[in-house]
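First comes the structure, then the notes that go with it.
The values are calculated or read from the model by the stated rules, or taken from the named source; none is laboratory data. No experiment lies behind these values; they were computed from the predicted model shown. All Cβ positions, glycine included, derive from the backbone under ideal geometry; neighbour counts span all protein chains shown.
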Amino acid sequence: MAHPQELTFEQGVDFLRQLKDFGDPMPQLILTGGDPLKRPDLYELIDAARELGIGTSITPAATPAFTREVLVKLKEHGVEGLGLSLDAPTADLHDSIRGVPGTFDRTMQAIAWAQELEMPLQVNTLAAAETVDHLPAVYELLKPFGIARWSLFFLISVGRGKVLQPLTPEEGEKLMGWVYETTKVAPFIVATTEAPSYRRVALEHMREEGMTGEQIKQSGQFRSFGIRDGHGIMFVSNTGDICPAGFLPLAVGNVKTDRVADIYRNAPVFQALHDSTQLEGRCGICEYHSLCGGSRARAFGASGNLLGEDPFCEYIPHSKGPH
């Protein structure tokens, strides 16, 4: 059942029109949830985004409602990319984490459909205490499929994440080292989400390997720099609340009454997130602050301080300096 304050179709289209305020390049739209397939006007909203020149991707839930016919229809309406979640290499493990029997089989079927329909696919996998030992097997399972990107979401304890256990900083460093080595041979992009300290780990590895500055620059390891939450991305809920990120549910406006670009550019919370020199604690004195920026969502979840240090990172700063 829809939330009583959920955006109407007209309000949804008005929000899409607001995205033009950002100018060129136009923002990319990712329809997520919950399950975006539950909106009865989903295809009309996708059409409206397409007419406005907004590239759209979608992350549907692996329910019986997500069929091959639905994927074909999404592609026909101009959806450019698909995101699916796969947290373990077997049905027993994945379904126990998701709490819903059958999700593993439906996800694997959807991965095969995306390959068949030549639809760009990102697979998202939780990196948590319950999944970390199985990540190499998930990688091997995905290798034969022509996916575009495998993204490891390092757990932040919000929502469903509260019943799972995050990795320790030591476990995180070890996993990030494995990710770095895997990027060298993977047939798809391997990325991390809510683990910006991976950039430091990758840079340290490349320096240890004797890579030059130009080789590091051309390595493809650094597709983004600095703070991610609220800086380059933002999250708008089904009721219109504007938050810095999906894992950072701190509402600082609403598209029903505010202009989304104005909030992004001028709201104090967003302005703080656009400036890594405002970081506090270890992140504030870290020489990698402009490269990494820490997970603002994890800092906020741990201490309530949006600009505080990221407790997931074990690095002890030497001194702040350009990197």
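Hey, could you check region 46-91 for residues that are in contact (Cβ under 8 Å) with a residue 12 or more places away in the chain and among the charged types (D, E, K, R) and say which is farthest from Gly34 (Cα to Cα)?
This residue is Arg50.
Run down Gly293, Gly284, Gly308, Gly240 and say which single residue is of a type outside the set (Ser, Thr, Tyr), surrounded by 17 or more Cβ atoms within 10 Å (Cβ to Cβ), touching a residue at least 40 places away in the same chain (Cβ under 8 Å) and under 30 Å from Tyr180 (Cβ atoms).
Gly293
Among the helices (runs of 4 or more DSSP H) contained in region 140-247, which hold 3 or more residues that are among the acidic types (Asp, Glu) and modelled with pLDDT of 90 or more?
Correct list: 169-183.
May I ask you to list the residues in region 77-90 that are surrounded by fewer than 18 Cβ atoms within 10 Å (Cβ to Cβ) and closer than 11 Å to Met119 by Cβ?
Glu80, the sole residue that qualifies.
Hey, could you check region 222-237 for residues that are surrounded by 16 or more Cβ atoms within 10 Å (Cβ to Cβ) and either touching a residue at least 40 places away in the same chain (Cβ under 8 Å) or over 24 Å from the mean Cα position of the chain (by Cα) (or both) and say which is farthest from Glu280 (Cα to Cα)?
Filtering region 222-237 for residues that are surrounded by 16 or more Cβ atoms within 10 Å (Cβ to Cβ) and either touching a residue at least 40 places away in the same chain (Cβ under 8 Å) or over 24 Å from the mean Cα position of the chain (by Cα) (or both), the one farthest from Glu280 (Cα to Cα) comes out as Val236.
Under 6 Å between Cβ atoms, at least 6 apart or on separate chains: pull out the pairs that start in region 187-209 with a residue that is under 16 Å from Arg296 (Cβ atoms) and end on any residue that is part of a strand (DSSP E or B).
Once the first residue is under 16 Å from Arg296 (Cβ atoms) and sits in region 187-209, its partners that are part of a strand (DSSP E or B) give Thr192/Leu152; Thr193/Ser151; Thr193/Phe153; Glu194/Phe154; Ala195/Phe154; Tyr198/Thr192.
State all residues of region 4-23 that are under 18 Å from Asp262 (Cβ atoms) and among the charged types (D, E, K, R); if no residue qualifies, say none.
Of everything in region 4-23, those that are under 18 Å from Asp262 (Cβ atoms) and among the charged types (D, E, K, R) turn out to be Asp14, Arg17, Lys20, Asp21.
Got a sec? Which of Phe104, Phe66 is under 17 Å from Trp150 (Cα atoms), modelled with pLDDT of 95 or more and among the hydrophobic types (A, V, I, L, M, F, W, C)?
Within the list Phe104, Phe66, the selection yields Phe104.
Only one of (1) closer than 30 Å to Gln5 by Cα; (2) touching a residue at least 12 places away in the same chain (Cβ under 8 Å); (3) assigned to a loop (DSSP other than H, G, I, E, B) fails for Ile263. Which number is that?
Tallying (1) closer than 30 Å to Gln5 by Cα; (2) touching a residue at least 12 places away in the same chain (Cβ under 8 Å); (3) assigned to a loop (DSSP other than H, G, I, E, B), Ile263 fails exactly one: (3).
Within region 1-27, track down each residue that is touching a Phe, Trp or Tyr at 6+ places or on another chain (Cβ under 8 Å) and in a helix (DSSP H, G or I).
Answer for region 1-27, where residues must be touching a Phe, Trp or Tyr at 6+ places or on another chain (Cβ under 8 Å) and in a helix (DSSP H, G or I): just Phe22.
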